[in-house]
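A.B. asks: Input: one structure, supplied below.
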Amino acid sequence: MRTTVVAVVMVIFCVMMADADVKPQRDFNLQRFAGKWYRVGLAYDSASFVPFRDKLKASMGIVTALPNGDVNLTMWDATPLGCQVMVYNYEKTNVPGQFTYFSTRHNMVKDITVMDTNYTEYAVVLKHKVFNREYTQVALYGRTQTVRNEVINKFKAFALSQGFSRGSILTPPPAENCSSRSG
């Protein structure tokens, strides 16, 4: 019994410590963050994602800041079946740079944190949720489809610090902009 209690306390402590390390960009400014971004890097270790790794291309998104502090994100992905458009509604939290959204794919609320950005060139964003096990995704966004090697290396170092293997960190090739064809 005592071993079980100790194990449960340790798991709770580890989860709390993992969340404690998730701190958003200092003095996050949503108005400066809004606009066009390209997802030029991704760290994701889901086994169901492995068959699609080689098919991934840089996707484009538009971040729209809403008057109440929430965010709409419209993403365009070029897929073998054509342009796929997804719209995400991120709700603000009481911490600037942290948002939540309801994932229809996983049927649960997830956390989004803008970890690091200089607003004009790149942003590193962490998607995080604990269910059955801890699921995390790190994305590198650029204002253009290519970013400096220094930025890519910074993104890779952050992803490695979050426990991702080198093999789960991708920098997909640029894709043709499909947003104008999506209607």
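The values are calculated or read from the model by the stated rules, or taken from the named source; none is laboratory data. Computed from a predicted model, the values in this text were never measured in an experiment. Don't worry about glycine lacking a Cβ; one is built from the backbone with ideal geometry, like all the others, and counts go over all protein chains shown. All accessible areas refer to the heavy atoms of the entire protein, side chains included, with ligands and DNA or RNA removed. Shrake-Rupley method; radii C 1.70, N 1.55, O 1.52, S 1.80 Å.
A.B. asks: I need to check one value: relative contact order of the stretch 91-150, counting alpha carbon pairs closer than 8 Å and at least 6 residues apart, in percent.
C.D. replies: With pairs under 8 Å counted, the relative contact order is 21 percent.
A.B. asks: Applying a 10 Å radius around every beta-carbon, put 147-154, 111-118 in order of their mean neighbour count, most first.
C.D. replies: Sorting 147-154, 111-118 by mean packing, highest first, produces 111-118, 147-154.
A.B. asks: Considering only C-alpha atoms, what is the centroid distance from the stretch 152-177 to the stretch 75-112, in Å?
C.D. replies: Using only Cα atoms, the two centres lie 19 Å from each other.
A.B. asks: For the stretch 28-141, report the accessible area per residue in Å² (1.4 Å probe, heavy atoms, rounded to an integer).
C.D. replies: Result: 51 Å² per residue.
A.B. asks: So what J values fall out for the stretch 100-117 if you push phi through Karplus, 6.51 cos²θ - 1.76 cosθ + 1.60 with θ = phi - 60°, rounded to Hz, Gly and Pro as x?
C.D. replies: 10, 8, 8, 7, 5, 5, 9, 6, 7, 7, 10, 9, 10, 10, 7, 7, 7, 7
A.B. asks: For a paramagnetic label modelled at 7 Å from the Cα of ASN29 toward its Cβ, which residues of the stretch 95-116 fall within the zone defined by backbone nitrogen distances under 19 Å?
C.D. replies: Correct set: 95-98, 114-116.
A.B. asks: Sticking with this structure for a sec: Which shape class, rounded, prolate or oblate, goes with the stretch 89-178 when its Cα gyration tensor gives a ≥ b ≥ c as root eigenvalues, a/c under 1.5 marks rounded, and past that a/b bigger than b/c marks prolate?
C.D. replies: Note, shape of the stretch 89-178 comes out prolate.
A.B. asks: Next up: Ranked highest first by the average count of other Cβ atoms within 10 Å around their residues, in what order do 70-76, 58-64, 80-86 fall?
C.D. replies: So the order, starting with the most tightly packed, is 58-64, 70-76, 80-86.
A.B. asks: For THR79 and LEU160 in one chain, what is 0.36 nm times their gap in residues minus the Cα-Cα distance, to one decimal in nm?
C.D. replies: Contour length minus Cα-Cα distance gives 26.4 nm.
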